[in-house]
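J.: Before anything else, here's the structure in question.
The values are calculated or read from the model by the stated rules, or taken from the named source; none is laboratory data. Since the model is a prediction, treat every value here as computed from it, not as a measurement. Cβ: placed from backbone, ideal geometry, glycine included. Neighbour counts: every protein chain shown. Keep in mind that these areas ignore ligands, DNA and RNA; they rest on the heavy atoms of the full protein, side chains included. Shrake-Rupley method; radii C 1.70, N 1.55, O 1.52, S 1.80 Å.
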Amino acid sequence: MPYIYFAENSDIVEIKPSKLTNAGDGLFATKSIKKDEFICWYSGVYLSKDFIENGYYESDYLFQPRGRNKLVIDASDPNSCYGRYINDSLSKMKKNSDFESYADTHSAAIIATKNIRKGSEIYISYGNNFWREPRLYNKLSVADKQHVDNDDT
């Protein structure tokens with residue numbers, strides 16, 4: 001994948017080791033964030049949905065903005081955006097952000113779904129279809145597998 005220049009600046013978030021076991025880095029609030037406030041962008045390289053569906057490309061950082069049936073954003077490059085560092089805790093209680101798509105600009109943002117305290121890790125749901133991918137599902141704990149299997153969100 002081509003290199004992307006990390007041009008996004010933020011005084012709202014920072015990248016640090018996640019509090020989740022084996023999750024790598026995570027995204028943390030550097031100040032209090034209010035519900036419905038913009039957190040950061042989710043951006044990267046645009047790929048054809050057909051290209052991915054036909055098995056020519058695989059990435060754990062794919063996001064398809066709503067309203068754009070042909071394009072998918074791949075943020076696998078560590079320099080693509082802050083949004084790529086948000087982890088899924090597999091807990092509805094911890095989830096404090098969500099994706100918001102903008103069809104007219106082929107882009108997506110991360111928006112707070114509840115108030116987030118300074119220093120808190122920011123979590124989002126990747127969706128259970130993401131976790132049902134066999135190469136990911138097989139790495140989950142028994143409790144996380146039960147969550148994915150019993151939750152249709």
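J.: Hey, what do the phi angles of the range 21-26 turn into as Karplus ³J(HN,Hα) couplings, whole Hz, using 6.51/-1.76/1.60 and θ = phi - 60°, x for Gly and Pro?
T.: Couplings: 4, 6, 8, x, 7, x Hz.
J.: Considering only protein heavy atoms and a probe of 1.4 Å, how much of the accessible area of the range 19-109 is carbon and sulfur, as a whole percent?
T.: Details: 2360 of 4960 Å².
Carbon and sulfur: 48 percent of the exposed surface of the range 19-109.
J.: Could you compute Rg(Cα) / (2.2 N^0.38 Å) for the range 18-127, with N its residue count? Kindly include the intermediate steps, with their values, before the conclusion.
T.: On the way: Rg = 14.1 Å, N = 110, 2.2 N^0.38 = 13.1 Å.
The value comes to 1.07.
J.: How do 47-54, 75-82 rank on mean C-beta neighbours within 10 Å, highest first?
T.: On the way: 47-54: 13.0, 75-82: 19.5.
Most protected by this proxy first, the peptides run 75-82, 47-54.
J.: Here's something else I'd like to know. Rolling a 1.4 Å sphere over the protein heavy atoms, what is the accessible area per residue of the range 11-87, to the nearest Å²?
T.: Details: 4290 Å² over 77 residues.
In whole numbers, the range 11-87 has 56 Å² accessible per residue.
J.: Of the peptides 28-35, 15-22, 84-91, how do they stack up when ordered by the mean number of other Cβ atoms within 10 Å, highest first?
T.: Top to bottom by mean Cβ count within 10 Å: 84-91, 28-35, 15-22.
J.: Okay, moving on. Quick one: which residues, 5 or more positions from residue 25 or on another chain, have an amide H under 5 Å from its amide H? H modelled 1.01 Å from N in the peptide plane, none for Pro or chain starts.
T.: For residue 25, whose amide H was placed from the backbone, the distant partners under 5 Å are 18.
J.: Which order, highest average first, do 38-45, 114-121 follow once you tally other Cβ atoms within 10 Å for each residue and take the mean per peptide? Please list the in-between numbers first.
T.: Values: 38-45: 20.9, 114-121: 14.9.
The densest-packed peptide leads the list: 38-45, 114-121.
J.: Using modelled backbone amide H atoms (1.01 Å from N, in-plane), which distant-in-sequence or interchain residues come within less than 5 Å of residue 123's amide H?
T.: 96, 97
J.: Report the accessible area of residue 74, computed with a 1.4 Å probe over the heavy atoms of all protein chains in place, in Å² rounded to the nearest 10.
T.: Residue 74 has an accessible surface of roughly 0 Å² with all protein chains in place.
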